[in-house]
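J.: I'd like to ask you about the structure that follows.
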Amino acid sequence: MAGALIPPRAERVRDDSFAPLRRRWLDVTAGSGFDAAAEPYRTRLAKLGATAAGYRDTMAPAGTSLWPSLPFPSFIATPTRLQTMARAYALPGTGLTDDANLAAAVAGGIDHYRRQVYAADADQVGNWWHWQIGVPRKLLDAALLIGPHLTEPQSGALRDAVDRFVPECLLDDYSGTSTGANRVDLCVVTLLRAILRSDPGKAALAVSALSPVFPYVDEGDGIYRDGSFVQHTSIPYQGTYGASLLSGLATLFAVLRGSPWEITDPNGQIVRDMVERSFAPVVHDGFCMDLVSGRAIDRGPYGDHRRGRAIASAILLLGETASASERARWQAMVKGWALRDACEPMLKAAESDDLGFHARLAAILGDDTIPAAAEPAGHRLLAMSARAVHRRPGWCAGLSMASDRIGHYEHGNGENLRGWHTGSGMLYWWGEGHGDQYSDSFWPTVDPYRLPGTTVSTLRLADGAGEGWGDTRPPGRWVGGATDGLYATVGQHLNGFESTMEAFKSWFFLDDAVVCLGAGITGGDGVPVETIVDNRRVDDRGTALLTVDDEAGWAHLEGHGGYVLPCARLRTLREKRTGGQDPVTRSYATLWLDHGVDPDSADYVYLLLPGASPARTRARAADPGWARVLANTARLQGVRVPSLGITAVNFWNEGAVGGLAASDPCAVLVREFGDGTATLTVSDPRRDLNALTLTWDRPVAEVLHGHPLLASAAIGARLTLVFGRLADQGGGSKTVTVRLS
């Protein structure tokens with residue numbers, strides 16, 4: 001009669017539905033789809049077995065440790081060793097596959113750690129993440145991989161400990177630390193807890209608690225319509241938290257497919273859309289740009305390539321539950337990344353990352369029917385995260401800014417203590433063969449006061465200055481710009497970090513150049529203010545020739561590119577710099593403009609020419625009409641590039657210049673085409689306009705394509721466009737197409 005107390009459906013779920021989830025968890029997370037007897041899997045699996053055997057043989061449970069070299073709490077290292085041992089038990093070809101003694105050691109280790117550290121009655125000390133995500137995920141993973149070798153009492157005790165630190169109330173409210181990637185991780189832990197104890201209620205909770213992650217957000221943590229992804233309230237984070245979110249969701253989609261808890265939320269499509277809207281824009285030739293990696297940028301050399309592989313791995317896994325068309329596009333994209341990453345070849349590096357990822361990547365690289373997608377040309381402006389990425393044949397640039405919603409930088413857990421100025425208009429760029437420009441020990445060796453593209457007060461700052469965890473937002477609201485998808489005008493009203501300095505900075509992204517303007521540069525810190533034209537890590541032999549022609553107004557760095565400076569004296573420095581916990585030395589060529597101590601309305605103009613030869617740089621300097629500066633003040637900044645038919649203006653205030661007039665602050669990009677048509681693209685970077693009137697002093701015969709927010713258009717001798725409320729558009733660009741008279 002006792003059995004009658006359990007509804008038949010619940011009993012069936014317990015008996016029939018969790019065994020396949022355990023198998024899928026192993027396949028998806030530990031690795032599958034490869035021949036364990038073939039290389040490189042045979043060697044990699046044998047190495048895993050040898051490592052696990054070493055851990056088993058040196059395990060010596062005591063009140064203060066499980067291994068003498070890892071004193072408790074050892075939140076990362078001890079659970080990781082147990083997980084490694086469990087994988088050696090579960091995977092084929094390790095020499096310890098299905099070894100009962102190894103499984104017993106893992107079970108004993110889990111229970112020992114649970115009793116000594118992760119106990120249901122323990123006090124949570126230190127970082128919350130270890131207690132709610134890091135430790136339980138690894139312990140539960142190991143427990144599932146060894147299956148019945150974890151006894152019923154041990155399993156029940158682990159369940160009680162997890163329930164103590166990951167109670168259901170953490171998933172009741174979408175706030176605090178239970179948002180974005182953290183919420184996904186908490187749902188993964190909840191699902192593992194459900195699988196461990198065959199608990200359908202917990203499985204259902206793990207799935208339902210994902211729902212707040214999917215919809216677009218307008219502020220704080222989450223996914224934005226323009227492709228931005230933010231974590232810690234104010235930090236663009238595709239590179240780490242975003243990759244974790246994508247990987248966690250891809251795993252959950254794959255493990256739960258076909259089960260009673262399959263994820264069917266229609267907003268789940270937003271996550272699939274993120275692949276091309278949020279992640280692809282910030283991955284270049286296989287590495288993830290540091291401008292979306294927060295405090296993680298100084299986690300050792302080539303961290304950008306590791307993050308790129310993590311994103312690629314998540315995308316290929318997500319593709320297994322996506323549509324056929326999405327899967328085909330993503331496989332082609334990842335294949336292109338892998339083939340172009342010459343600095344840390346992706347397939348080779350994947351051997352030590354993840355055997356499942358290696359198998360998936362090897363399959364698409366070996367399939368001639370899957371094309372390798374090229375780098376997409378064009379511009380992506382992620383206005384809500386104050387980031388921009390520009391791609392043209394042969395080069396790529398990324399821009400990192402700070403605003404009233406996005407912090408200058410993030411530090412925490414002792415990481416990224418000198419990233420103060422990464423939001424001060426840092427302009428990253430890569431030419432052919434420059435895939436390691438910011439990878440090879442750049443962050444521990446670069447001068448943190450001279451990051452490329454930035455305008456900074458040289459006031460000395462303490463390590464970890466400002467609030468931790470990203471709360472370093474300045475008051476400036478005009479941060480963003482306008483793009484038609486190919487070219488862009490981007491601007492930043494810059495308030496210096498922990499400084500009185502203020503500046504108005506604009507970048508005009510074109511075919512072979514970035515035109516850089518600065519105006520209204522003021523400061524009262526009693527120290528010089530500088531604009532860093534560039535700071536390139538160069539060959540450590542110091543053979544890259546730096547040529548400067550002050551009279552002609554240009555400079556060239558061999559193997560990198562050129563710079564045109566029509567009205568300024570360029571300062572230069574060649575130096576070797578040493579830094580890092582394990583000190584390394586790297587060589588740099590720094591080019592900067594000195595605005596003097598406490599400048600009053602200083603300005604600058606220069607052109608960056610990625611990959612340009614000395615001859616092309618010299619020719620551009622000799623042709624001042626190629627890019628005509630229309631204005632460069634604290635009220636507006638604009639340029640005209642006749643050869644491209646471009647007129648672009650950042651209106652910091654209402655005003656008129658170059659035939660354009662705006663009633664309010666905005667960004668405007670005009671392109672005239674050879675077929676007699678033109679486009680006008682506008683945006684509201686401050687996100688506060690109820691209306692905007694834009695006038696173009698140009699005869700227009702017809703409006704060919706409007707926009708839903710275009711309230712009215714007057715044509716004739718001049719064009720007048722009246723837009724409705726732009727404030728709700730997240731700084732996004734709106735384009736109108738016209739036929740010229």
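The values are calculated or read from the model by the stated rules, or taken from the named source; none is laboratory data. This is a predicted model, so every value here is computed, not measured. Cβ: placed from backbone, ideal geometry, glycine included. Neighbour counts: every protein chain shown. To get the accessible areas, we keep the full protein, side chains included, count just its heavy atoms, and leave off ligands, DNA and RNA. Shrake-Rupley method; radii C 1.70, N 1.55, O 1.52, S 1.80 Å.
J.: I'd like the accessible area for THR233, computed on protein heavy atoms only with a 1.4 Å probe and all protein chains in place. Round to 10 Å², please.
T.: Rounded to the nearest 10, that gives 70 Å².
J.: As I understand it, the value is the acute angle between the Cα axis of helix 152-165 and the longest principal axis of the Cα atoms of the chain; what does it come to in degrees, rounded to 10?
T.: Once rounded, one gets 30 degrees.
J.: Quickly work out the ARG739-to-ASN101 label distance, labels modelled 7 Å from Cα along the C-beta direction, and quote it in nm with one decimal.
T.: Going from the ASN101 label point to the ARG739 one covers 8.6 nm.
J.: Using DSSP to call loops (not H, G, I, E or B), can you name the trypsin sites (Lys or Arg not before Pro) in the range 369-469 whose Cβ has at most 10 other Cβ atoms within 10 angstrom?
T.: Filter output for the range 369-469: ARG460.
J.: Give me the mean projected area, in nm² to one decimal, of the convex hull enclosing the Cα positions of the range 82-175.
T.: Numbers: hull surface 26.7 nm².
For the range 82-175, averaging the hull's shadow over all directions gives 6.7 nm².
J.: For the range 389-472, what class follows from the C-alpha gyration tensor (a ≥ b ≥ c being the square roots of its eigenvalues): rounded when a/c is under 1.5, otherwise prolate if a/b is larger than b/c, else oblate?
T.: Taking the square roots of the gyration eigenvalues as a ≥ b ≥ c, the range 389-472 is prolate.
J.: log10 I(q)/I(0), Debye, Cα-only the range 575-642, no solvent, q = 0.17, 0.28 Å⁻¹?
T.: -0.90, -1.24
J.: Quick check for me: using +1 on Lys/Arg Cβ and -1 on Asp/Glu Cβ, what's the dipole size of the chain about its Cα centre, in debye to the nearest 20?
T.: Values: 71 positive and 83 negative charges, 153 e Å.
Result for the chain is approximately 740 debye, rounded to the nearest 20.
J.: While we're looking at this one, here's another question. Calculate the length of the line joining the C-alpha centroid of the range 115-176 to that of the range 191-260, in whole Å.
T.: Going from one Cα centre to the other spans 19 Å.
J.: Taking 0.36 nm per residue of sequence separation and subtracting the Cα-Cα distance, how much length would be gained by fully extending the chain between ALA50 and LEU704, in nm to one decimal? Provide the component values of the computation, followed by the final result.
T.: Values: separation 654, 0.36 × 654 = 235.44 nm, distance 6.89 nm.
Separation in residues times 0.36 nm, less the Cα-Cα distance, equals 228.6 nm.
J.: Rounded, prolate or oblate, given the Cα gyration tensor of the range 392-532, with a/c below 1.5 counting as rounded? Spell out each step's value before the answer.
T.: Working: a/c = 1.70, a/b = 1.24, b/c = 1.36.
Oblate is the answer for the range 392-532, as a/c is 1.5 or above yet b/c matches or exceeds a/b.
J.: Checking the a/c ratio against 1.5 first, then a/b against b/c, what shape does the Cα gyration tensor give for the range 289-425?
T.: prolate
J.: What is the distance, in nm, between label points placed 7 Å from the Cα along the Cα-to-Cβ direction at ASP218 and at PHE673?
T.: Distance between the two pseudo-spin positions: 3.4 nm.
J.: How big is D for the range 515-659, in µm² s⁻¹ as a whole number, if Stokes-Einstein is applied with the Kirkwood radius of its Cα pairs at 37 °C and 0.692 mPa s? Numbers along the way, then the final one.
T.: Working: Rh = 16.9 Å.
Using the Kirkwood radius from Cα pairs, D works out to 195 µm²/s.
J.: Take ALA462 and LYS576, extend 7 Å from each Cα along the Cα→Cβ direction, and tell me the distance between the two endpoints in nm.
T.: 3.4 nm
J.: May I pose another question? What is the log10 of I(q)/I(0) for the range 536-607, computed with the Debye formula using one identical point scatterer on each Cα and no solvent, at q = 0.16, 0.18, 0.23 Å⁻¹?
T.: -0.67, -0.78, -1.02
J.: Once both axes come from the Cα atoms, what is the angle between helix 180-197 and the longest principal axis of the chain, in degrees from 0 to 90, rounded to 10?
T.: Long axis of 180-197 versus the principal axis of the chain: about 10 degrees.
J.: Another question about this same structure. At what distance in angstrom do the alpha carbon centres of the range 622-685 and the range 30-69 lie from each other?
T.: Rounded to whole Å, the Cα centres lie 61 Å apart.
J.: In degrees from 0 to 90, rounded to the nearest 10, what is the angle of the helix 324-340 Cα long axis to the longest principal axis of the chain?
T.: Here the helix axis deviates by roughly 70 degrees.
J.: When the Karplus curve 6.51 cos²θ - 1.76 cosθ + 1.60 is applied with θ = phi - 60°, which whole-Hz ³J(HN,Hα) does each residue of the range 583-598 get, with x for Gly and Pro?
T.: x, 10, 10, 9, 9, 9, 10, 10, 10, 8, 10, 9, 8, x, 6, 6
J.: Could I ask something else about it? Give me the percent relative contact order of the chain, please, defined on Cα pairs under 8 angstrom at least 6 residues apart.
T.: With pairs under 8 Å counted, the relative contact order is 8 percent.
J.: Something else about it: Using a 7 Å offset from Cα along Cα-Cβ at ALA615, what residues in the range 550-583 end up with backbone N under 20 Å from the label point?
T.: Within reach of a label on ALA615, which here means backbone N under 20 Å from a point 7 Å along Cα→Cβ, the range 550-583 contributes 552-564.
J.: In square nanometres and to one decimal, what's the mean projected area of the convex hull around the Cα atoms of the range 145-216?
T.: That works out to 5.0 nm².
J.: Convert each backbone phi in the range 554-562 into a coupling constant with the Karplus relation 6.51 cos²θ - 1.76 cosθ + 1.60 (shift: θ = phi - 60°), then list the ³J(HN,Hα) values in order as whole Hz, x for Gly and Pro.
T.: With the stated coefficients, the range 554-562 comes to 8, 8, 9, 10, 4, x, 10, x, x Hz.
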